[in-house]
Structures are given as structure tokens and as C-alpha cells.
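Worksheet: the structure to be examined is printed underneath.
The values are calculated or read from the model by the stated rules, or taken from the named source; none is laboratory data. Given the structure is predicted, the values throughout are model-derived calculations rather than measurements. Cβ placement follows ideal geometry from the backbone for every residue including glycine, while neighbour counts extend to all protein chains displayed.
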Amino acid sequence: MQVLVTGATGGIGLQTAKVLAQMGHSVLIHGRDSRKGEAAVRDVRSTAPANVDVRFLQADFASLAQVRALAAQVVASVPRLDVLINNAGCGNFSRTVTTDGYETTFAVNHLAPFLLTNLLLGKLEESAPARIVNVASRAHRDKEIDFEDLMSVRRFRVMRTYGRSKLANILFTRTLAKRLAGSNVTVNCLHPGLIATGIGQTNALARLVWKLIVRVRGGVSVEEGARTSVHLATSPDVAGLSGGYYVKCHLAQLQTRPEAVTDAVAEQLWKASEELVGLPCSS
């Protein structure tokens with residue numbers, strides 16, 4: 001089986017890649033830092049069977065052009081793609097914008113995987129049965145999508161913005177599952193648990209604050225955090241199941257108001273996302 005794990009040079013992404021390779025699956029490791037990427041490849045290969053193919057692909061998810069290049073590289077470099085795990089993400093303590101002019105948290109956590117997944121759908125459908133796994137978060141609790149301020153221009157709060165991006169992951173999962181019905185490609189999302197991995201922070205103070213939050217709220221290990229991703233990617237128990245939100249390998253209830261996750265809201269987000277990433281408008 002061929003798997004692509006985004007954001008796999010550290011944290012639960014790296015652990016996910018290691019477990020999948022140990023199971024005998026070939027793994028494409030994505031990251032934005034080539035030095036960390038090559039180190040991750042060595043780490044994964046060190047515990048994997050000798051015949052398992054492990055490779056690194058570089059792309060910065062803060063650039064939609066690089067996301068497109070990554071998709072093209074995947075399509076060209078592997079004959080099939082059985083599983084796509086959208087794990088890459090960030091959470092910024094101050095508002096920044098990407099090279100495309102979009103708020104970074106929303107762009108990296110939602111727009112980048114939205115674009116990558118759509119560009120890889122053809123390869124996934126050719127490889128069916130195939131699976132898509134989106135790493136969301138319990139941070140979606142009590143959040144809603146503000147279509148008047150998707151880029152958090154009027155009001156930026158780190159957990160508010162991060163939580164909305166994770167709600168977007170869930171809405172994307174639900175809408176994509178409906179669009180893929182009958183294709184033999186499934187998509188599910190998950191909450192991995194609270195993990196002290198730094199959530200993409202480059203600022204030392206921000207990393208310290210996040211680790212303190214995790215300690216106070218009771219975090220889990222990277223091994224535990226990766227477990228549900230691996231389960232959704234490989235377990236026969238979820239074969240054919242699509243559109244679900246999972247916690248600790250079990251189907252779970254969303255923790256937000258029902259009106260925040262209606263089909264109408266999900267479709268509106270899909271169309272807005274298509275426009276933002278430059279995909280043709282779908283019906």
C-alpha cells in the first residue's frame with residue numbers, strides 16, 4: 001500500500017509514518033524542511049522492513065503554488081496512491097499571512113489540504129479502494145465559520161482561529177464524503193488528542209505556552225496521538241465507512257452547535273474554498 005502523510009517530519013505525523021512503514025506500507029513523507037525531511041526518512045527506515053519504500057517530498061503549505069507542485073510530484077512519482085493522510089497543520093499565536101495573502105492558520109490547516117486532496121482525487125480513484133484521513137481537532141468545539149471574516153482580519157484569537165480551521169476540516173470531510181459516494185474512496189476525520197508537539201510554532205515562547213497548556217489539560221503521547229490516524233488508514237473495521245469524526249479510534253459526536261455543521265454551511269465553505277485556491281467551481 002502506498003501512503004502520503006503530510007506534515008510527517010515530526011510529531012504525530014512522523015509517528016504515523018513510522019507505524020505505517022513498520023506495517024510494511026510504502027510512505028511518502030511530506031514536510032517543508034528538507035533537513036528534517038531527510039532525518040525523518042532515516043528514522044522511519046530504521047524500524048521498517050528493508051523492502052519498504054520511504055521517500056521525502058518537500059512543500060510549504062503556506063504556498064498554494066507549492067501545494068500544486070507537490071500534487072504533481074506525487075502523481076508523477078508513484079503508480080498508485082492508496083491513502084492520503086492530511087496531517088500537516090499549524091497554530092499561530094499572532095496573525096500572519098501567506099504568500100497568497102491568506103491568514104496562515106486557515107490557509108495551512110484548511111486551504112492547503114483542500115487543494116491537495118482535490119488535485120489527488122484522480123490518483124486515489126484510480127487506486128480504489130482508497131482512503132483519505134483528515135486530522136482535525138476537538139478545538140472545533142463551539143466554533144462556527146464566519147464567512148464574512150474567513151481570514152480573521154477583524155478579530156484574531158489563536159484558539160478561535162485554530163478551532164475554526166479545524167471545523168473547516170470536519171466540514172470538508174463531510175462534504176467530500178457525499179461527493180465521493182459510490183467511488184470506493186472514503187474520507188474520515190479525527191481528533192488525535194492534545195499533544196505537546198508545538199503545533200508548527202517557530203517562536204520559543206509560543207512553544208513553551210503551548211506545552212504548558214497541554215500539561216494543564218492533560219496531553220497524550222505522540223504514539224497515542226497517531227493511533228487513530230493509523231486506524232482510519234488501515235483498519236478493516238472502517239472499510240467502506242465515510243464522513244465520520246473519530247476519537248480514540250471510535251466514531252464520536254461533534255462538539256459544536258448543529259447549525260454550525262449543516263449541509264448548507266459545508267457547501268458554502270466548499271465553494272468559498274474552491275474560489276480561494278483557484279479550482280474550477282463544481283456543481
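Collect the residues in the range 99-122 that are farther than 22 Å from residue 174 by Cβ and out of contact with any Asp or Glu (no Cβ under 9 Å at 6 or more places or on another chain), keeping them in residue-number order.
Selection gives 100, 101, 102, 103, 104.
Quick check, is residue 81 crowded, with 20+ Cβ neighbours inside 10 Å, in a loop (DSSP other than H, G, I, E, B), on the phi < 0 side of the Ramachandran plot and aliphatic (A, V, I, L, M)?
yes
Do any residues in the range 7-20 that are closer than 13 Å to residue 54 by Cβ have Cβ atoms under 8 Å from those of residues that are of a type in the set (Asp, Glu) and part of a helix (DSSP H, G or I), where the two are at least six apart or on different chains, and which pairs are they?
Qualifying pairs under 8 Å: 14/43; 18/43.
Just need a number here: residues in the range 228-239 that are in contact (Cβ under 8 Å) with a residue 60 or more places away in the chain and out of contact with any helix residue (DSSP H, G or I) (no Cβ under 9 Å at 6 or more places or on another chain).
The qualifying residues number 1.
Just to be sure before I move on: is residue 239 at pLDDT below 95 and within 25 Å of residue 21 (Cα to Cα) in the structure I sent?
Answer is no for this residue.
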